[in-house]
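Contents: one structure, followed by commentary.
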């Protein structure tokens, strides 16, 4: 039994994509660091008592900027290497070549840029924000039921009736559990056609 | 009050019928979140925080603390029966637990590790009870430079321990510190990076970061994937043989010591203590070749270490007020809600809570041991709920949980933002534990740093001119150098343990 889990070697194309993505990320981190540094200076670095409110953010911003720049340089070198390298025919011809160990390792659940289902991820993320946006208008319970229904239908891809049962059951459980039993004030709807729901 | 009297007083609090009930609820929720991959201790505690508003201080903290240590019992069950660790620290348990289950010894693995965990937990609680009071009296003499040095030690360790690139670990740390700086400045109160949003003046809510980074982002990333644990080993015999028990004595003792020592260090990861125990057991064993093929020592040792670790991690919280992990930071916020300040003065100012919680750990572990066996089959049934449906439920419950803390829609929006940020960071292979711990400790780090400078008349040498802080900072530097020098050697934390579930940083 080995302590580390061996993973399939990434394909040539994937290596190039990941090198580009890494480079862009590091550039963005450096840019964030620069913004934090500039903003921190405006917050005041010194006061009569000692260091001011901007000094600590300045330190973390400078760290982000410096680390981001180091990342940009190292990733640029790596990307140049990846672009110059020739595809490895052994790996390319066996795209699914994975190291098979004697005992099956625990399944690795880490998603990568190439394995994640981007469409579903985008839908799920959009639904989360749509839920927050409509919560004030439709009220907590209705928007949560609709959100759960949409998640079940579009992301989990379940049938209508299963989705409906899960959505309604969860909303009811939350309404009675939190709203009635625990007395949490769940926001009511502001939409005129739902005004009858407000006490 | 001496430690012994304090502990006895604690039992009189913990054994009150209502507190027993809260402990049972906490243990059940803890085991449930431990069983379910993707929901960790932090999410479980966060969900019950609204309920804790309505409880007396001791009952509220007892309930939340029992979720904290109950999760370890749950994580063990899925590791052994299904090879699916619910928590990062249970990854090691699967190495020998699952082979034992395949040999028809699942029941023995479950019962022996439960008994060993219980023994380790009780010994650790006794040490906690007798060490906390003297340590807290000692802690009164520590000043801001020492607190700052201790928290820096935690941050250095969490960066050094993640087995990803050092650069990404450091970026994650800086990012966590930056997120902690959003809101009012802790010394003067001026607004920073709030974009004019009044909701951000009190800072980014702890739960939005923790639940967004771990629970929700895990669900979003696995969106549309139906795979779930399939193979469940049968449980035939529960009672361990004399031979099994004899073989477990050594691993239990070693696991208790290793787990407790690692647990004392803020920022340490529980998975490191379980893996260190596994490696130790393999080294001292006369039959190291049996490890990975169903050696009972490989299950008992790490599980005991895990329990001791959790209990020892209360020492820095109770004596210094420093939370060593995201889950303990939630517990700290629950203490604050109840008007109790963990730290050196807690034992004199709120003895009911302090001693009640310590005593309840013994009571809680008895409850967990008793509930463990009858509930195994129920947990297995719960795991048959498809993962994607479970994921949708997790999002729904998390949204209500985060909303109910401050009754704020803005917090729900922040939860969404941090969930997306968590997804991106995970996809880009950044380790999240440094960011979360830096965020959790950020405020305290900044305020102690600034107080230390005021104390030292703005001379930064104040951190190295005081012997205790200088020693702690030196240990931090040496630890980072040593741990990073080991990069090419066998890793301390298995790859699968990183970024899993909610409670990796500790």
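Read-outs throughout are calculated quantities, based only on the coordinates presented, and are distinct from any laboratory measurement. Since we're looking at a predicted model, the values are computed, not measured. Using ideal geometry, Cβ is built from the backbone for each residue, glycine included, and neighbour counts are taken over all protein chains shown.
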Handout entry: Translational D in µm²/s for the range B:307-401 (Stokes-Einstein at 25 °C, 0.890 mPa s, Kirkwood Rh from C-alpha pairs)
Key = 154 µm²/s
Completion exercise
Ranked from fewest to most other Cβ atoms within 10 Å of their own Cβ, B:98, B:147 fall in the order B:147, B:98
Exercise for the section: Please give, to one decimal in nm, the separation of the simple spin-label points placed at residue A:69 and residue B:12, each 7 Å out from Cα toward the Cβ. Expected result: 6.5 nm
Practice task
Note the angle between two axes, namely the Cα long axis of helix B:166-181 and the longest principal axis of the Cα atoms of chain B, as a number of degrees from 0 to 90, rounded to the nearest 10.
Solution key: 60 degrees
Completion exercise
Expressed in angstrom and ordered largest first, the alpha-carbon extents of the protein assembly as shown along the principal axes are 70, 70, 66
Practice task
Please give the FRET efficiency for residue A:38 paired with residue B:349, using the beta carbon to beta carbon distance and R0 = 60 Å, rounded to the nearest 0.05.
Solution key: 0.85
Exercise for the section: May I ask you to compute the full-extension gain from residue B:484 to residue B:138, defined as 0.36 nm times their residue separation minus their alpha-carbon distance, rounded to one decimal in nm? Expected result: 121.3 nm
Exercise for the section: Mind giving me the nanometre distance, one decimal, between the label points for residue A:80 and residue B:370, set 7 Å out from Cα along Cα→Cβ? Expected result: 7.0 nm
Fill in the blank from the handout: Between residue B:286 and residue A:126, the two model label points (7 Å from Cα along the beta-carbon direction) sit apart by a distance in nm of 6.6 nm
Problem - Cα-based helix-to-principal-axis angle, B:57-82 vs chain B, degrees rounded to 10 - result: 40 degrees
Problem - Fraction of alpha-carbon pairs over 41 Å apart in chain B - percent - result: 14 percent
Handout entry: Rh (Kirkwood; distinct C-alpha pairs) - the range B:22-162, Å
Key = 17.2 Å
Handout entry: Estimated FRET transfer efficiency when R0 is 45 angstrom, pair residue B:468-residue B:381 (beta carbons, to 0.05)
Key = 0.30
Problem - Ranking of A:160, B:379, A:196 by count of other Cβ atoms within 10 Å, fewest first - result: A:196, A:160, B:379
Completion exercise
Relative to chain B, whose Cα atoms define the longest principal axis, helix B:17-35 and its Cα axis are tilted in degrees, nearest 10, by 80 degrees
Fill in the blank from the handout: Cβ density ranking, 10 Å radius, fewest first, applied to A:16, B:192 yields A:16, B:192
